[in-house]
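First comes the structure, then the notes that go with it.
The values are calculated or read from the model by the stated rules, or taken from the named source; none is laboratory data. Treat the numbers as computed from the prediction; the structure is a model and nothing was measured. Backbone-built Cβ (ideal geometry, glycine too); neighbour counts: all protein chains shown.
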Amino acid sequence: MTEERINQYVQSHDEKWQTAFLTLYETIKRHIPEGFRESMQNGMPSFIVSLEQYPAGYLHDAKTPLPFISLAIQKHHIAIYHMGIYTNDALLKWFEETYPLHMKTKLNMGKSCIRFTNPHTIPFELIAELVSKVSVEEWIKQYDASGKK
């Protein structure tokens, strides 16, 4: 994905979130294991498994690459949609236990969505470690085994 597309995405959102979002995006880009590809998916900057790597596609749609991590600027927060947390109980447990070591605030998350409501207190080191924990091959195996197809 081009830097121009990321900048267009960021510029279309409130200035309050822009610097933090770009730092988060670059943190993920630097730490995500080799093989994931950058893309715009569902209107969000994303890191995906390409159709060449996983031809069945997401939800058995051979036209839609398998998502892994997507980022969004919402009205009141920045969101990381990490599909690995949704399908891997051990990874979720690790994240929930490690989060308080990096943050004083309560963890704000849904099934796969981690929300940060303060752009000045995003735990970039923790996110770097989180995204580095699952390879493309591991993600494909998790997805296939999850039954969330």
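Odds and ends about this structure:
- Residues that are polar (S, T, N, Q), modelled with pLDDT of 95 or more and either at positive phi or out of contact with any Phe, Trp or Tyr (no Cβ under 9 Å at 6 or more places or on another chain) (or both), drawn from the stretch 9-24: Q18, T19
- Only a single item in (1) in contact with a helix residue (DSSP H, G or I) (Cβ under 7 Å, 6 or more places away or on another chain); (2) among the aromatic types (F, W, Y); (3) without any contact (Cβ under 8 Å) to a residue 60 or more places away in the chain; (4) within 18 Å of Q142 (Cβ to Cβ) is not met by Y25, and it is number (4).
- Residue in the stretch 49-64 that is under 23 Å from H13 (Cβ atoms) and not hydroxyl-bearing (S, T, Y) present: no
- Looking across the stretch 100-122, just one residue is touching a residue at least 60 places away in the same chain (Cβ under 8 Å), among the hydrophobic types (A, V, I, L, M, F, W, C) and over 27 Å from S146 (Cβ atoms), and that is I122.
- Check on I6, at pLDDT 95 or above and closer than 20 Å to V131 by Cβ: no
- Helices (runs of 4 or more DSSP H) wholly inside the stretch 72-144 that include at least 1 residues being within 26 Å of R5 (Cβ to Cβ): 83-87, 124-132
- Screening the candidates A62, A72, A56 for the property of being farther than 13 Å from K133 by Cβ, of a type in the set (A, V, I, L, M), over 18 Å from the mean Cα position of the chain (by Cα) and surrounded by 14 or more Cβ atoms within 10 Å (Cβ to Cβ) yields one hit, A56.
- Residues that are assigned to a strand (DSSP E or B) and among the charged types (D, E, K, R) within the stretch 1-56 comprise R37, E38, listed in sequence order.
- For H120: the one exception among (1) under 17 Å from the mean Cα position of the chain (by Cα); (2) exposed (fewer than 12 other Cβ atoms within 10 Å of the Cβ): (1)
- Selection from the stretch 81-97 of residues that are more than 15 Å from G43 (Cβ to Cβ) and either crowded, with 20+ Cβ neighbours inside 10 Å or in contact with a Phe, Trp or Tyr (Cβ under 9 Å, 6 or more places away or on another chain) (or both): H82, M83, G84, I85, T87, N88, L92, F95
- Yes/no for I73 being modelled with pLDDT of 95 or more and under 15 Å from P119 (Cα atoms): yes
- Checking every residue in the stretch 30-38 against the condition of being touching a strand residue (DSSP E or B) at 6+ places or on another chain (Cβ under 7 Å), surrounded by 12 or more Cβ atoms within 10 Å (Cβ to Cβ), among the charged types (D, E, K, R) and farther than 17 Å from V131 by Cβ gives zero matches.
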